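Beneath this line is the structure, given in structure tokens, with notes to follow.
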Amino acid sequence: MTDRPDPIPRVAAGLTGGEPATGSGEPDRPLCSGIGIELSYGKHRVLDGCDLSVSPRQVVGLTGENGSGKSTLIKCLLGFVRPTAGKVRCDPRVGYCPQENYLHRSYAVAEHLELIGSLQPGGNQVDAAWLSHCVATLKLKPYLPYAIRKLSGGTYQKVKLLTAIVHRPPLLVLDEPTDGFDWTMYLVFWDLMAELVGRGTGVLMISHLLHDRDRFDRIYDLCDGRLRA
Amino acid sequence: MPEPGRRHTGWLVFRLSAFELWRNPLGLVLLVVIPAVFIGMILWTASQNSIPLKVFFGEETVQVLLTQRQIGLVFVSAAVSGFLAAYYALILFHNDSGYFRFCVFMGLSPTLFTAARFAAFLGVTALLAAVTTVGLSRVTPLEQPFTVFAGFLLITVIYGAYGGIVGVLSRSFMPALLLIVLLADLDAAWLQNPVYYSAAQESEVIHWLPAFYPCQMVFSAAFTARSNGAALGGAFVWAVAAVALLIVAVQWRMRGPLSAGGRFDQ
């Protein structure tokens, strides 16, 4: 496990009425933890005793070769895939950006946001000011009436990211969230992360980008089913 | 700009479900082409010669003398509305199911999702049944048009639920589509239809197929003045069982773990 000194600038959020996302007053209690996670498909062992945790205000990176099981590990943590063994605990107020393109192709971006905004994961409601801020920051306003199937790869990825952060969750789990972003949007992404982390959000993020490494507080490397610091 | 939390989620899912069907170009094309082709074929090929048709009334079976064209039109209307209902249910319960699993993860209640989706589906089936009844009444006089409508409604609910179940359980769209075409064609269009399969009337097997009771209900209402409680009861049991199975399948799909590989887009 590699601890790095304060890699993300703790910028002031610049938003009104913002509460710390955790609101728990227990900064050291992990938002998400997995102990001894194992997963096998037949004889193939995908995960072999993985331990990891994400605390508030922490940005944790998860790296590994293609097919090493990073996305599967995340899905085990979030309860989408049942691990063969091990213990998992995650805050239910989690924002998740999966790798796959899951958005409904025939909905307009605004319709999608309206539906997602009407949901309350773990009782978390959407703050309209935060939503407007994110839409403006991600430059999505012109695309609100567009059908999702007509979006470019980068814009589609922005909508996925916005879906994950729209409830300003205490825990963010992002699977290669900057795929398709240009450099400007890549920097905007990290600004948004800084805002959220500044409010207390813990972030677990899969990334292959070398220049991301300096932004993580901790990096786990998944190799042959085992997590290494 | 979307206004979060202003609208009720159930209403949103219902409204978006209706949009999904409206925005499906193939669905709209099929809505016109399938009835036109099938009913056109009957009008073109079936003769005006009369043949006896055995109508099931529970304890007794009544023979009604009808033209081949009348019989063919009713069965083909049943097959067409059943297939279309199954196709629209397939769209509602198969396409983009990963998206709705994600919404469930985000806090959407699977029960609310099923109810809103099902309400949209019922709206479509009622519309299909009404169009089919009105279309049939233009070609042949109907003794009890509202009961005919109820019969077609039950056919569309049964076949729609079947299409939904196939859609929920199938990973791929094409095999699911083939399965609904196969049953709608085999059952309503062929096996139940004495014009094309005269031996079927003598076989007990057709009593166990989903289109049997609603088709008998439609025939008795269309061409006799008698009420047919046995056919209505049988069709109702089929409809309730099919819808219950659909609800179980949707709940299982929405709540259970992802398939091997854990992907949302499969």
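Below are the figures for this structure:
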{"read-out": "In Hz, Karplus ³J(HN,Hα) per residue of segment B:205-211 (6.51, -1.76, 1.60; θ = phi - 60°; x = Gly, Pro)", "value": "4, 5, 5, 8, 8, x, 7"}
{"read-out": "Residue-averaged [θ]222 nm for the protein assembly as shown, counting only DSSP H segments that reach four residues, each worth -39500 (n - 2.57)", "value": "-16000 deg cm²/dmol"}
{"read-out": "Label point distance in nm, residue A:137-residue A:100, each placed 7 Å from Cα along Cα→Cβ", "value": "2.9 nm"}
{"read-out": "Theoretical FRET efficiency, 1/(1+(r/R0)^6), r = Cβ-Cβ of residue A:152 and residue B:190, R0 51 Å, to 0.05", "value": "0.60"}
{"read-out": "Unmatched cysteines, chain A - criterion: no other Cβ of a Cys under 4.7 angstrom", "value": "A:50, A:76, A:97, A:134, A:223"}
{"read-out": "GNM top mover of B:181, B:32, B:13 - chain B, alpha-carbon springs below 10 Å", "value": "B:32"}
{"read-out": "Long-range amide H partners of residue A:97 with built H, under 5 Å", "value": "A:173, A:174, A:175"}
{"read-out": "Distance (nanometres) between label positions extended 7 Å along Cα→Cβ at residue B:143 and residue B:28", "value": "4.1 nm"}
{"read-out": "Diffusion constant of segment B:9-255 at 10 °C, which comes from Stokes-Einstein with the Kirkwood Cα-pair radius and 1.306 mPa s, µm²/s", "value": "87 µm²/s"}
{"read-out": "Principal-axis tilt of helix B:173-184 within chain B, Cα atoms, nearest 10 degrees", "value": "20 degrees"}
{"read-out": "Highest-MSF residue in chain B out of B:123, B:107, B:27 [GNM, Cα springs under 10 Å]", "value": "B:107"}
{"read-out": "Karplus (6.51, -1.76, 1.60) ³J(HN,Hα), θ = phi - 60°, over segment A:109-117, in Hz, Gly and Pro reported as x", "value": "4, 5, 5, 4, 5, 5, 5, 4, x"}
{"read-out": "Karplus-derived 3J(HN,Hα), 6.51/-1.76/1.60, for each residue of segment B:87-102, Hz, glycine and proline x", "value": "5, 5, 5, 4, 4, 5, 10, 10, 4, 6, 5, x, 4, 6, 4, 5"}
{"read-out": "Theoretical FRET efficiency, 1/(1+(r/R0)^6), r = Cβ-Cβ of residue A:125 and residue A:190, R0 45 Å, to 0.05", "value": "0.95"}
{"read-out": "Nearby lysines by direct alpha-carbon distance to residue A:160 (threshold 18 angstrom, same-chain neighbours under 8 apart not counted)", "value": "A:75, A:139, A:141, A:150"}
{"read-out": "Residues with amide H under 5 Å from that of residue A:220, placed H, sequence gap 5 or more", "value": "A:61, A:62, A:63"}
{"read-out": "Within segment A:48-75: backbone nitrogen closer than 18 Å to the residue A:224 label point (7 Å, Cα to C-beta)", "value": "A:48-51, A:63-70"}
{"read-out": "Nearest-ten-degree value, helix A:128-137 long axis tilted from longest Cα axis of chain A", "value": "90 degrees"}
{"read-out": "Percent of alpha-carbon pairs separated by more than 33 Å within chain A", "value": "14 percent"}
{"read-out": "Shape of segment B:41-105, Cα gyration tensor, a/c cut at 1.5", "value": "oblate"}
{"read-out": "Sequence-distant residues sharing a close amide H with residue A:46 (under 5 Å, placed H)", "value": "A:39, A:40, A:41"}
{"read-out": "Cα convex hull volume per residue for the protein assembly as shown (Å³)", "value": "159 Å³"}
{"read-out": "FRET efficiency for residue A:211 and residue A:65, using Cβ-Cβ distance with R0 set to 22 Å, rounded to 0.05", "value": "0.75"}
{"read-out": "GNM result for chain B, Cα springs below 10 Å: residue of B:154, B:73, B:182 fluctuating most strongly", "value": "B:182"}
{"read-out": "Rounded to 5, percent antiparallel among DSSP beta bridges of chain A", "value": "50 percent"}
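Read the figures in this text as sums done on the coordinates, not as results from a lab. This structure is a prediction, so every number in the text was calculated from the model and none was measured. Because the Cβ atoms are built from the backbone with ideal geometry, glycine has one as well, and the counts that use them run over all protein chains shown.
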